[in-house]
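Please treat every number below as a calculation from the coordinates, not as lab data. Since the model is a prediction, treat every value here as computed from it, not as a measurement. All Cβ positions, glycine included, derive from the backbone under ideal geometry; neighbour counts span all protein chains shown.
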Amino acid sequence: MGRSALSQSRQGPQCAQGPQNDKVLCHLPDCRGYKALGLSHIRTIMHRRNFFGLALATALPLTLPWRALAGEPDQTQTPATPQWPAPTANGAFDAWLGGFMARAVAAGWPQDLLARELGGLTPDPKVVSLDGRQPELSRPVGDYVRKTVSQDKIAAGQARMYSRTFWPAIEARFGVPREILIGIWGMETGFGAVMGNYDVVRSMATLAAEGRRQAWAEAQIFSALRIIASGQISRDQLRGSWAGAMGQTQFLPETYVTTAIDFDGDGRKDVWGSEADALASAANLLVKGGWRRGEPWAREVILAPGFDYGLSEGPVQLPATWSRAGASPAAALDWSAQEARTPASLILPSGWTGPAFLVFANHMAIRTYNNSTAYALGVGLLADAVAGRSSLATPWPLEPALSLSDRQKAQSLLGRLGYYAGDLDGVIGTRTRKALRQWQVSMGRPADGYLTPDLIFALEAAAWGMPSQPSPSLQAWP
Ligand SMILES: [Ca+2]
């Protein structure tokens, strides 16, 4: 799995993830549920400050962009008498809403806008319920990719490869190939089939009041208010997934404000109704996330017998260097000229028994959308399939899902063995994988850092001083 420092979210391994945030829950170890977040906001979520710090951090910086987009707020009115919303049955929600409106007024936001859009707002119980879901099982990456890169989706993507006139202009301007955008489009909404019908302002208010992601949700509300005030999109049109992702390519309000584009030239950034707008906006987001024109995203490799699996999630080096270490292209073709000059790192998303990939910088650009190795593999492999590139040489292994208690037990055992001192949160992130690799090295096992039921058994045996019983799959290792 990925090695981003952002991967070990405090929110645990659960995430809501495409093709539709509120429909499909996955809980991959490094998966995040919030689409298209900038790094600063991910950090904001993960390192929330106290309420008053938040009020300042959230309200003050919003004044300037608000002015730029919707005109100067009326600072001549006294902000002392905001229109308090009518009380609801939910005291916590009311307390949050009152505080939020007071801070917004103090920051210069027009009272009539706030009263019109937020007055009478109530929390959405469905959003509360979906946000509180804690899936027990973690879904193996291979299982996720197999189901998301389906024959139906490949065919639907291929039908869109040459039937849209906007592709050449988007590719020329942003340098993102159409198949990558088709991969995102298919993963996010099944090509616009399932965009979500939640009132985004209400959903974000519900999440803000719930408190766990208050700063993030409030930033989305301010952005949603800016969109409404711009006059381009009405409140009624501002619909999305329960987690706030909107339109064909699932943009959060904040990402919409900073990144959405009117590509078809009708004067509106319509990521719901205009495919050209939505896909150009997605390309713009990838470029902002570091997409490099002309470079590949990943290449499957075959690892020679005796390969040092400890190199996974390790060095970033040129493909020729990887070849010398025993990682060669899986297809018969050698590295392309572009691949040959692009540094890459090695990942083993489902351990040493599954497919191995060299991933290039563009892999991380895809993760701007959703910071998950599995998500980027889903998008990239769907793109490859749509473009007619060869399928995987090494199949995804069939493996059982690990329960939360299994994953916590593994962390506890690694701690008992002296390799792990982190939280027993069941999140198999970079720290846990590093500990697992160190223990694997000490045991002379393949050091892929990938947790399986076999390894939990072996950890248990080692921690309690019993002789290890290698399983059949481990005996098969050369
Ligand atoms: Ca437009």
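Restricted to Cα atoms, region 298-386 shows a radius of gyration and a Dmax of 12.4, 36 angstrom.
Quick one: length gained pulling Ser412 to Leu398 fully straight, 0.36 nm per residue minus the C-alpha distance?
Numbers: separation 14, 0.36 × 14 = 5.04 nm, distance 2.58 nm.
Once the chain is fully extended between Ser412 and Leu398, it gains 2.5 nm.
Pairs from the table (Lys153/Lys409; Lys147/Lys434; Lys126/Lys147) lying more than 31 angstrom apart at Cα are Lys153/Lys409.
Put in order of Cβ neighbour count within 10 Å, fewest first, the listed residues Glu295, Glu399 become Glu295, Glu399.
Using Cβ contacts closer than 10 Å as the measure, can you line up Glu117, Glu171 from fewest to most? Intermediate values should be presented prior to the final figure.
Working: Glu117 19, Glu171 16.
Lowest to highest Cβ neighbour count: Glu171, Glu117.
Cβ crowding within 10 Å, taken as a proxy for footprinting-reagent exposure, orders Val194, Val427 from fewest neighbours to most as Val194, Val427. Each residue of region 427-443 was assigned a 3J(HN,Hα) from its phi angle through the Karplus expression (A = 6.51, B = -1.76, C = 1.60, θ = phi - 60°), giving 8, 8, x, 4, 5, 5, 5, 5, 4, 5, 4, 4, 5, 4, 4, 4, 9 Hz with x at Gly and Pro. Once divided by 2.2 N^0.38 Å, the Cα radius of gyration of region 402-475 becomes 0.98.
Charge dipole (Cα centre; +1 on Lys/Arg Cβ, -1 on Asp/Glu Cβ; no other charges) of region 402-475 amounts to roughly 200 debye.
Distance between the 7 Å Cα→Cβ label points at Ala331 and Ile456: 3.8 nm. Could I have the simple spin-label model distance between Lys147 and Arg324, label points 7 Å from Cα toward Cβ, reported in nm to one decimal? Each label point is offset 7 Å from its Cα along the Cβ direction, giving 4.4 nm.
Between the alpha-carbon centres of region 295-370 and region 154-208 there is a gap of 27 Å.
Spin-label model, Arg341/Gln158: points 7 Å from Cα along the beta carbon direction are separated by 3.3 nm.
Give me the net charge for the shell around Asn90: Cβ to Cβ below 12 angstrom, other residues only, Lys and Arg +1, Asp and Glu -1. Summing Lys/Arg as +1 and Asp/Glu as -1 gives -3.
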